[in-house]
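Trainee: There's a structure below that I have some questions on.
Read the figures in this text as sums done on the coordinates, not as results from a lab. The model shown is predicted, which means the values in this text are computed figures rather than measured ones. Cβ placement follows ideal geometry from the backbone for every residue including glycine, while neighbour counts extend to all protein chains displayed.
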Amino acid sequence: MISKNNRIILSSICLIILMTTFNCTTKESTNTGDGNDLINQKVDSLLALMTIEEKVGQMNLYNGFWEVTGPMPDGDNAKIKYEHLRKGWVGGMLSVRGYDNVMKMQQIAVEESRLGIPLIIGFDVIHGYKTLSPIPLAESASWDLEAIENSARVAATEASAAGINWTFAPMVDISRDPRWGRVMEGAGEDPYLGSKIAVARVKGFQGEDLSQPNTIAATAKHFAGYGFAEAGREYNTVDISVSKLHNVVLPPFKAAAEAGARSFMNSFNDLNGDPVSGSTYLQRDILKGEWNFDGFVVSDWASINEIIYWGRAKDKKEAAEIASIAGSDMDMEGHVYVYELANLVKDGIVDESIIDDAVSRILRVKFELGLFDDPYRYCNKENEAKVIGQQSHHDAVLDMAKKSVVLLKNDNNLLPLKKEGQKIALIGQLASDKNSPLGSWRIASDDNTAVSILEGMQAYDGNQLIYEKGVDVWVGNTAFTKEVKINSTDKSGMTEALNAARNADVVVMVLGEHGFQSGEARSRTEIDLPGLQQELLEAVYAVNKNIVLVLQNGRPLALEWAAEHIPTIVEGWHLGTQTGNAIAQVLYGDYNPSGKLPMTFPRNVGQVPIYYNHKNTGRATNREGNVFWSHYIDQKNTPLYPFGHGLSYTKFEYSDFKIEGSEFIIDSDIEVSVTVSNVGNFDGKEVVQLYIRDLVGSLVRPVKELKGFELVSLKKGESKTIKFILTSKELGYYNNSGEFVIESGEFEIFVGGSSDTKLKGGFTLK
Ligand code: BGC
């Protein structure tokens, strides 16, 4: 038995040996070329010093000593975790944050364990750390990759200042089902847009050099298929074809891997009967095989355990065997590997090479982060105090928030509001709330720290502003881990709201979901305005039709009545810390909105899943003039608002649409151009979108697929010609064997400001 002091000396010695033998420097800790070889050598040398228990320890990820998102597995208590830390049986900790806490854990790992291997410190930095950006779905509505990258950069800067070096983001799950609450965390329904955004976020988090103390390792999650949970019900089963998996689900993951994301997280779902934490197909064959991914895979919270509840493993031992062999390298709060894996190796059931591979991947990322150069690299008390919440971060999240707003409708040009001489009634509980705009997934931010919409509007003092909440949407306190309690009876505030509305020139109504009504475990079967808000809206409309409806929501909502009656609708999502300022600046025209929907809005929930890149079907139109075609007898097939839709205060016109040729051979570059003119009265920005349709394929192809876009700024009266180049990458697709094929034949090309554009041309691929 070695004493504590001896252990400290021993661990320091190991560290010194590693640093001097291999001359650790910041420069070598890069992820390329020679640096990579050197890191591999260091990893091998360290691995050779480790016992099987210490290796398995690296594969063990513990939560800090409080519950965050899931039930604690049996037998969990702080004492055991401390013991394991001292034994070197813990590779990383999650949700430990802030200088004092991170230092405490890191010191135990580095100074009290035999080898002194530093911990990797993970956290859900989803849309900011303390200063919050809009929820990821909202940011995606900006289609502004530079702004999104910058937003992730700000998040990484704050998180790393709090001692964190690894984020569980970006979530790159494509989803076509707004019932699923986690759509707020992703980039929406489209794999092309989703891939571009995945890359921007990975770059933003990881920066140029992962060893810099203000960059953090990114995690592409949840691998894979989680966004296709049946009926949109959280944690439900997933059954999808190979071609859908490859064409729709996997592209953003592949893009994230290619952009160098250092880790992947698997998920709670099964895929065609295989709980994905135990999926060899996804983790070994595709990710680590075909894609050559050299980072590591972390499980989702206790998802290795849950292989048992799925009925795929009989006990923890079997769950550990399945998951490790399938390529899950790290067990998050499952407490399965730490107790089972060493014995599985000793009993010859799991080969030690599997463990060595997993541990090497984890250690490699720790080396890249510079943790072996200085385990306390991310711990700096002064920096923490200075960086978190600094003004430049507020400026950046405000900028991102304005860019995320989507103008859905603006009949009669009710917006922008006049700045003087108006009586404005502001109505809705969500308008004055300072908590809900922060959105879901913001564990480190303080409650009630958003600028409310009321506060944002008050900054414009040329008008008379009267605020009434109308009705409560929710009652009592709200929290990340609790269901939001919706008010469905108390109408006591209605009369005051109607009085205010009756006497106003314009009524701004802020309605929608509380921030905690979307996110994990927030599936809904109705996606309308919760509680009494629809009733309030209709009652206000009866006394004053000049309504600007500002939505607050984490998912597409079904708002058919509003879309038909309310002249102006602004999609304001949950925009983070600067919500109120962003909304007010848009409403008053100090910012001209340019956002476009990253997800289709249905007319009602019965149309879900509804998405623009659907297949055609054999009976897509009413050819025979009878009832036997693909439709509903009580609702249209078309959405309320299509993917890519979004208006501006100015007007854009498209002209001179050209395809440079009519016949091309496979592998040639196809140039497409179009001129966009700002013919309205304001400077503005337009997202020019390009879609293709492969008319005849060896598998049925979607009616439209996004294959290019550009965000263009145009001054009033200005025109610009935009060029797109299409290559085989854009024209091919994956078949049901998972092979990428490019097929000759006719293609249509569509260009415009929304997926429902009618501007089209075509060519033949030979
Ligand atoms: C979520 C993950 C998250 C993890 C850690 C889980 O419940 O599914 O996305 O990263 O908790 O907080």
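Trainee: Evaluate the distance, in nm, between pseudo-label points positioned 7 Å from the Cα of Lys419 and of Ser630 along their respective Cα→Cβ axes.
Mentor: According to this spin-label approximation, the distance is 5.1 nm.
Trainee: Could you give me the radius of gyration and the Dmax of the range 405-607, taking only the C-alpha atoms into account and expressing both in angstrom?
Mentor: Taking only Cα atoms of the range 405-607, I get Rg and Dmax of 15.7, 46 Å.
Trainee: At a Förster distance of 60 Å, what's the computed FRET efficiency of Ser668 paired with Ser353, Cβ-Cβ distance as r, to 0.05? If you can, show how the numbers build up before the last one.
Mentor: Values: r = 45 Å, r/R0 = 0.76.
The computed FRET efficiency comes out at 0.85.
Trainee: Wrap a convex hull around the Cα atoms of the range 652-765, take a quarter of its surface area, and give that in square nanometres. The partial results should precede the final answer.
Mentor: Details: hull surface 27.7 nm².
Averaging across all directions leaves 6.9 nm² for the Cα convex hull.
Trainee: So, one more: Suppose R0 equals 41 Å. What FRET efficiency, 1/(1 + (r/R0)^6) with r the Cβ-Cβ distance, do Asp44 and Tyr82 give to the nearest 0.05?
Mentor: On the way: r = 30 Å, r/R0 = 0.73.
E between Asp44 and Tyr82, to the nearest 0.05, is 0.85.
Trainee: While we're looking at this one, here's another question. Label 7 Å along Cα→Cβ of Glu526; the range 170-187 residues with amide nitrogen under 17 Å?
Mentor: Hits in the range 170-187 for Glu526 at 17 Å: 179-180.
Trainee: Residues of the range 637-658 with backbone nitrogen within less than 19 Å of a virtual label 7 Å along the Cα-to-Cβ line of Ala563, please, listed as ranges.
Mentor: Flagged as within label range: 637-648.
Trainee: Tell me, what are the semi-axes, in whole angstrom and largest first, of the equivalent ellipsoid of the chain as set by the roots of 5 times the Cα gyration tensor eigenvalues?
Mentor: Numbers: eigenvalues 399, 199, 121 Å².
Square roots of five times the eigenvalues give 45, 32, 25 Å.
Trainee: Okay, moving on. The range 671-766: which GluC sites (Glu not before Pro) are DSSP loop and have at most 13 other beta-carbon atoms within 10 angstrom? Before the final figure, lay out each step's value.
Mentor: Details: sites: Glu671, Glu686, Glu705, Glu710, Glu718, Glu730, Glu739, Glu743, Glu746, Glu748; in loops: Glu718, Glu739, Glu743.
For GluC sites (Glu not before Pro) across the range 671-766 that sit outside H, G, I, E and B with at most 13 neighbouring Cβ atoms in 10 Å, the list reads Glu739.
Trainee: Could you rank the peptides 158-165, 470-477 by their average count of other C-beta atoms within 10 Å per residue, with the highest value first?
Mentor: Listed from highest to lowest mean packing, they are 158-165, 470-477.
Trainee: Looking at this model, which pairs from Lys658/Lys685; Lys130/Lys491; Lys346/Lys366; Lys130/Lys409 are more than 24 angstrom apart at the alpha-carbon? Can you show the working numbers first?
Mentor: Numbers: Lys658/Lys685 22 Å; Lys130/Lys491 35 Å; Lys346/Lys366 27 Å; Lys130/Lys409 33 Å.
In this structure, Lys130/Lys491; Lys346/Lys366; Lys130/Lys409 lie more than 24 Å apart at Cα.
Trainee: Loop only by DSSP, 13 or fewer other Cβ within 10 Å of the Cβ. Give me the GluC sites (Glu not before Pro) in the range 345-424 that pass, ordered by residue number. Present the calculation step by step, with values, prior to reporting the outcome.
Mentor: Numbers: sites: Glu352, Glu368, Glu382, Glu384, Glu420; in loops: Glu420.
Filter output for the range 345-424: Glu420.
Trainee: Give me the extension gain from Lys346 to Glu483: residue separation times 0.36 nm, minus the current Cα-Cα distance, reported in nm with one decimal.
Mentor: In short, 44.8 nm is gained.
Trainee: Do any chymotrypsin sites (Phe, Trp or Tyr not before Pro) in the range 688-756 lie in a loop, going by DSSP, with at most 13 other beta-carbon atoms within 10 Å of their beta carbon, and if so which? Working shown, then result.
Mentor: Working: sites: Tyr691, Phe709, Phe724, Tyr733, Tyr734, Phe740, Phe747, Phe750; in loops: none.
Sparse-neighbourhood loop chymotrypsin sites (Phe, Trp or Tyr not before Pro): none present.
Trainee: Here's a follow-up. Fully extended, how many nm does the chain gain between Lys651 and Leu759 (0.36 nm per residue separation, minus their Cα-Cα distance)? Mind showing how you got there, number by number?
Mentor: Values: separation 108, 0.36 × 108 = 38.88 nm, distance 1.64 nm.
My answer for the length gained is 37.2 nm.
Trainee: Also, I was wondering about something else. Which residues' amide hydrogens lie under 5 Å from the amide hydrogen of Leu549, considering only partners 5 or more residues apart or on another chain, with H built in the peptide plane?
Mentor: Excluding prolines and chain starts, which carry no amide H, the hits are Met509, Thr568, Ile569, Val570.
Trainee: Between Lys720 and Asp490, what's the calculated FRET efficiency when r is the beta-carbon distance and R0 is 45 Å? Round to 0.05.
Mentor: Details: r = 53 Å, r/R0 = 1.18.
With a Förster radius of 45 Å, E is 0.25.
Trainee: For the range 652-765, with the dipole built from +1 on Lys and Arg beta-carbon atoms and -1 on Asp and Glu ones, taken about the Cα centre, which of Phe652, Thr757, Ser668 lies farthest toward the positive end?
Mentor: Checking the options against the dipole of the range 652-765, the answer is Phe652.
Trainee: Where Lys and Arg each count +1 and Asp and Glu each count -1, what net charge lies around Gly188 among other residues with Cβ under 11 Å from its Cβ? Could you put the intermediate results ahead of the total?
Mentor: Numbers: positive: Arg176, Arg555, Lys596; negative: Glu139, Asp173, Glu185, Glu189, Asp190.
Here the count lands on -2.
Trainee: With just the Cα atoms defining each centre, how far is the range 514-576 from the range 124-165? Give it in Å.
Mentor: Using only Cα atoms, the two centres lie 26 Å from each other.
Trainee: Asn616 versus Asn272, label points 7 Å from Cα toward the beta carbon: distance in nm?
Mentor: Rounded to a tenth, the inter-label distance reads 2.6 nm.
Trainee: Give me the extension gain from Ile443 to Leu695: residue separation times 0.36 nm, minus the current Cα-Cα distance, reported in nm with one decimal. Let's see the in-between values first.
Mentor: Values: separation 252, 0.36 × 252 = 90.72 nm, distance 4.73 nm.
So the extension gain works out to 86.0 nm.
Trainee: Under 1.5 on a/c is rounded, so check that first for the range 150-273, then, if it is not, pick prolate when a/b is larger than b/c and oblate when it is not; a ≥ b ≥ c are the square roots of the alpha carbon gyration tensor eigenvalues.
Mentor: Working: a/c = 2.24, a/b = 1.94, b/c = 1.16.
Prolate.
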